[in-house]
Amino acid sequence: MHEWQSVALKTLPEMRSEITRAEDPLTLWMEIVLTFDEAYEPPKNDDFIKRVYDYADWCLDRDGGETAADHLPTCVTMFWEHIPTNEAARQDMPRWLSWEQVLANEHFFKYRLTEDELADLERVYAKANPGSTAA
């Protein structure tokens with residue numbers, strides 16, 4: 001078993017079958033994104049959401065991978081691109097990512113957003129952090 005699978009099993013045990021079936025980290029992240037979206041449906045599963053962000057942070061600190069599908073930080077960018085496309089997750093982003101993190105990685109966060117969604121993201125951060133430079 002690969003380290004990314006072992007850590008995923010410890011972090012996201014409810015996804016055991018998806019984790020053990022995943023041929024590479026990218027395949028697993030596609031499954032995580034689906035389950036992440038479900039976690040925002042009532043009743044919201046904050047515990048799972050937090051653990052997805054924790055696993056993403058772990059992946060970002062790793063090197064290696066001969067292809068994009070094996071390179072853990074690249075796989076996380078697919079997750080990041082997705083977060084603000086889910087309105088509930090977009091509204092919740094300030095709990096998990098600072099405005100500085102969003103700005104430092106804005107090319108990932110803006111990649112799939114419409115202009116209205118991007119403006120909404122900026123409003124969300126301005127509301128969450130009234131003294132920030134967002135919006």
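Side notes on the structure shown:
- Among residues of the stretch 9-24 that are closer than 10 Å to Tyr55 by Cβ and surrounded by 12 or more Cβ atoms within 10 Å (Cβ to Cβ), those with a beta-carbon under 6 Å from a residue that is basic (Lys, Arg) and at pLDDT 95 or above at least six positions away or on a different chain give the pairs Thr11/Arg51; Leu12/Arg51.
- Hey, Arg95 closer than 21 Å to Tyr111 by Cβ, charged (D, E, K, R) and under 13 Å from the mean Cα position of the chain (by Cα) or not: no
- Selection from the stretch 36-52 of residues that are over 21 Å from Leu118 (Cβ atoms) and surrounded by fewer than 16 Cβ atoms within 10 Å (Cβ to Cβ): Glu38, Glu41, Pro42, Pro43, Lys44, Asp46, Asp47, Lys50
- Verdict on Val76 being β-branched (Val, Ile, Thr) and surrounded by 19 or more Cβ atoms within 10 Å (Cβ to Cβ): yes
- Pairs meeting the criteria (first residue in the stretch 115-126 and free of Cβ contacts under 8 Å to residues at least 40 places away in the same chain and closer than 11 Å to Thr85 by Cα, second residue in a helix (DSSP H, G or I) and not basic (Lys, Arg), beta carbons under 6 Å, at least 6 apart or on different chains) are Leu121/Pro84.
The values are calculated or read from the model by the stated rules, or taken from the named source; none is laboratory data. Keep in mind that what you see is a predicted model, and the values were worked out from it rather than measured. Backbone-built Cβ (ideal geometry, glycine too); neighbour counts: all protein chains shown.
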